[in-house]
Amino acid sequence: MSIAQVRQYMVEGDGDAAVALVKELIEKGTPAKDIMAGLTEEMGILGQKFENFEVFLPDLMIAGDAFMQIMSVLKEHLVTASDGAAKTVIIGTVKGDYHDIGKNIVGIVLQANGFNVVDLGADVDPVAYLEAARKEKADVVGLSALMTTTMPGQEEFIKLVSDAGDKGKYLVCVGGAPTSVEWAERIGADVWSFDAFECAAKLKKLLA
């Protein structure tokens, strides 16, 4: 009985077995955060394999479905206290990119840390981010890119924010497997994070 076995069940799409094992692990004292970290890492590995044509869309879909099933159990154990009014974070995957598993993980972790999350989904146009940020009076806009070919969508949004006169009204957070802190600095993003947990920690600190 281990986190490695939960990961294997998830990859195989056996959500029921994964959920049963997760419940056992939590009862025996395994931190939910550790389980979540293992699942996040496994989804990252699958995403990389997908880009390398080692696995295919159906593989991602069955693992993603199992992941969401597991999260229905883990969410309540990840929740932490929130100080004051909840900060609003707009999230989405940039235009031309339909990979949303990583973005979904970030959304779940942010919600668990007391943030109000507005998820725009995948293939999001820069203007849609801008409109949502204004409508929701966002504190943060987070843009995910899972392919090198869609990374420029993050830079395009940052330029749009500046041209529209919204620069400084909210933080712009970028992430995704092909991105890096160097990329974030180059395009003028406010925040880059290695994973969902680091993202939540950084935003809580910056918005305190």
**OP:** Could you size up the charge dipole of region 1-123 around its Cα centre, putting +1 on the beta carbon of Lys and Arg and -1 on that of Asp and Glu, and report it in debye to the nearest 20?
**Re:** 380 debye
**OP:** Could you work out which residue, out of 188, 165, 102, moves most in a Gaussian network model of the chain, that is, has the largest mean-square fluctuation with Cα springs under 10 Å?
**Re:** 165
Original post:
Please state the relative contact order of the chain as a whole percent: Cα pairs under 8 Å, 6+ residues apart?
Top reply: 17 percent
Original post:
Over the C-alpha atoms of the chain, what are the Rg and the largest Cα-to-Cα span, Dmax, in Å?
Top reply: 17.0, 54
Original post:
Of 108, 91, 187, which is the most mobile in a GNM of the chain whose springs link Cα atoms less than 10 angstrom apart?
Top reply: 187
**OP:** Let me know the charge dipole size of the chain about its Cα centre in debye, to the nearest 20, where only the beta-carbon of Lys, Arg (+1) and Asp, Glu (-1) is charged.
**Re:** 740 debye
Original post:
Highest mean first, what order results for 145-157, 10-22 on Cβ atoms within 10 Å?
Top reply: 145-157, 10-22
Original post:
For region 182-197 and region 1-72, what is the separation of their Cα centres, given in Å?
Top reply: 26 Å
**OP:** Using the number of other C-beta atoms within 10 angstrom as an exposure proxy, rank 163, 97 with the fewest first.
**Re:** 163, 97
**OP:** Please report 7, 134 as a ranked list, fewest other C-beta atoms within 10 angstrom at the top and most at the bottom.
**Re:** 134, 7
Subject >> Extreme residue, positive dipole direction of region 164-208, given options 193, 171, 183 (C-beta unit charges) >> reply: 171
**OP:** Over every pair of different alpha-carbon atoms in region 88-206, take the mean of 1/r and invert it; report that Kirkwood radius in Å.
**Re:** 13.6 Å
Subject >> Of 126, 44, 98, farthest towards positive along the dipole that unit charges on Lys, Arg, Asp, Glu beta carbons give the chain >> reply: 126
Subject >> Label-point gap, in nm, between residue 23 and residue 134 - each point 7 angstrom along Cα→Cβ >> reply: 4.8 nm
Original post:
When only Cα pairs under 8 Å and 6 or more residues apart are kept, what is the percent relative contact order across region 88-206?
Top reply: 27 percent
Original post:
Taking a threshold of 29 Å on the Cα-Cα distance, which of the pairs 135/159; 159/204; 33/159 fall above it?
Top reply: 33/159
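Only the coordinates and a few stated rules stand behind these numbers; no lab work does. This is a predicted model, so every value here is computed, not measured. Note that we place each Cβ from the backbone using ideal geometry, even for glycine, and neighbour counts take in every protein chain shown.
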